[in-house]
Amino acid sequence: MYPFRFTKASDEASALRAGASGARYIAGGTTLVDLMRETVERPDAVVDINALPYRDIDLKPARLRIGALARMSEVAAHPGVRQQFPVIAEALDLSASAQLRNMASIGGNLMQRPRCLYFRDVSASCNRRSPGAGCAAIEGRNRTHAILGTSDACVATHPSDLAVALVALDARVITRTREGERSTPIADFFRQPGATPDKEHNLHPGALIAAVEVTAHPESRRSGYLKVRDRESFEFAIASAAVALDITAGTVQTARVAAGGVGTVPWRLTAVEKALTGRPATPETWRAAAARAADGAKPLSENGFKVELIKRTVARQLVTVAGMP
Ligand SMILES: Cc1cc2nc3c(=O)[nH]c(=O)nc-3n(C[C@H](O)[C@H](O)[C@H](O)COP(=O)(O)OP(=O)(O)OC[C@H]3O[C@@H](n4cnc5c(N)ncnc54)[C@H](O)[C@@H]3O)c2cc1C
């Protein structure tokens, strides 16, 4: 570790003042502290934001608002979230470990950084950590890396499970700056790497995530998350699928499908959704739609298996969600 300044913000204004002068926010600290210990991140100042009034989980008939400081375990255990947005509760239940979920916040989860081995090893080349340094993963050990949304500069997957569920549900990220509040569709919040993989999101420098908002739709209740990983406990996704379906009179009225573990950002599967909408709720429909799950994929030397795996993951989760009462 190296020396840095640590303060606690007593309110939003003082947090935003510190943020505007370059301090990094810390909530649960479950990922920032690791990165600082490994010197992947070296902020001069860190400001604790846990005293901010961002911890409520507010469920109204038409929408859910989750405060950015709500803990992953609190959101997963919320009876209304479990009943009305099961895909959110399941994505959280399948994330990290119980101890981590008790500490880790929703805002921190969205802001977590990639798990690429080369990003986390300061002796390796990584454009995300050091722009222009090159990407050791492209010709290196890339079994866990992305097949969708990659660029010549970066192939790291986005690590958050929650973000996949939120992308499927068209959630909005509520942010605050000294100028006021902003609401951004979550799909516009995350950035594909392109030529600037160090720019991972569209959060204004110094801005705070205050909350995440999700509108309730008929399909939100009939939803779920499937995660495939190398071991059953605290492991990141190799492939995952968030699915929400509105099936009325035997026909798919609305389908929301997103994938994790395969994209450089949480990946909305629009071709799958299109192949489901207006179709009869039958095994043929699930099979034909899931076959589109890897459209546009560019596998690397070690991760070609993800092309078939994401199709099977989506197919299995379509069957599961369609079978929900
Ligand atoms: C062993 C291990 C396994 C894990 N497995 C999974 C997994 O399977 N799935 C998964 O999704 N995640 C997983 N995680 C990641 C975990 O979910 C995150 O570490 C956690 O959610 C981060 O939240 P935090 O509050 O601790 O963030 P912090 O470490 O406090 O902060 C993380 C980042 O977010 C920023 N930040 C925090 N709050 C705000 C805010 N309100 N506004 C703006 N910026 C903010 C910080 O400045 C920092 O850059 C795992 C982590 C570990 C260590």
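Some observations on this one:
- Residue pairs, from the table LYS227/LYS274; LYS274/LYS311; LYS227/LYS298; LYS60/LYS311, whose Cα atoms sit over 26 Å apart: LYS60/LYS311
- Region 8-109 shape via C-alpha gyration tensor axes, a/c threshold 1.5: oblate
- Residue-span extension gain [ARG115 to ASP198] - 0.36 nm each, minus C-alpha spacing: 28.5 nm
- Cα gyration tensor, region 108-231 - rounded (a/c under 1.5), prolate or oblate: oblate
- Gyration tensor verdict on region 71-150 (Cα atoms; rounded if a/c is under 1.5, prolate if a/b is larger than b/c, oblate otherwise): prolate
- Antiparallel DSSP beta bridges within region 1-117, as percent of all bridges there, nearest 5: 35
- Residue ranges 217-223, 300-306 sort as 217-223, 300-306 when ordered by packing (mean number of other C-beta atoms within 10 Å per residue, highest first).
- Diffusion coefficient (Stokes-Einstein, Kirkwood radius over C-alpha pairs, 37 °C, 0.692 mPa s) for region 165-217: 276 µm²/s, rounded to a whole number.
- Helices assigned as whole DSSP H runs in the chain whose Cα atoms extend at least 15 Å along their own long axis and whose mean Kyte-Doolittle hydropathy is -1.0 or higher are found at 305-322.
- Note on ARG279 and SER123: with the Förster distance fixed at 51 Å, the Cβ-Cβ geometry gives a FRET efficiency of about 0.50.
- Ordering 232-238, 307-313 by mean Cβ neighbour count within 10 Å, with the highest value first, yields 307-313, 232-238.
- From its DSSP helices (H runs of at least four residues, each -39,500 (n - 2.57)), the chain gives a residue-normalised ellipticity at 222 nm of -7500 deg cm²/dmol.
- Backbone N under 20 Å from the ALA133 label point (7 Å along Cα→Cβ), restricted to region 102-126: 112-126
- Space enclosed by the convex hull of the alpha-carbon atoms of the chain, per residue, Å³: 126
- Between ALA271 and ALA98, the C-beta separation translates, for a Förster distance of 45 Å, into a calculated FRET efficiency of about 0.80.
- Over region 157-306 - Rg/Rh using Cα atoms and the Kirkwood inverse-distance radius: 1.00
- Each 5 Å bin, from zero up to the one with the longest distance, holds this percent of the alpha carbon pairs of region 275-325: 4, 21, 27, 20, 13, 8, 5, 2, 0.
- Rounded to whole Hz, the Karplus (6.51, -1.76, 1.60) HN-Hα couplings of region 235-241, x for glycine and proline: 9, 6, 6, 8, 7, 8, 9
- The modelled label-to-label distance for the pair ASP44/SER10, using points 7 Å beyond Cα in the direction of Cβ, is 2.5 nm.
- Highest-first packing order for the peptide set 68-75, 315-322 is 68-75, 315-322, based on the mean count of other beta carbon atoms within 10 Å.
- Springs join every pair of Cα atoms under 10 Å in this Gaussian network model of the chain, and among GLY19, GLY67, GLY263 the largest mean-square fluctuation is at GLY19.
- Distant-in-sequence amide H partners of ILE57 (H built 1.01 Å from N, under 5 Å): GLY67
- Column: log10 I(q)/I(0), Debye, Cα scatterers of region 190-248, q = 0.17, 0.30 Å⁻¹: -0.99, -1.07
Computed from the coordinates by the stated procedures, all read-outs in this text should not be read as laboratory data. It should be emphasised that the depicted structure is a prediction, and the values quoted were computed from it without experimental measurement. Reconstructed Cβ throughout: ideal geometry from the backbone, glycine too, with neighbour counts over all protein chains shown.
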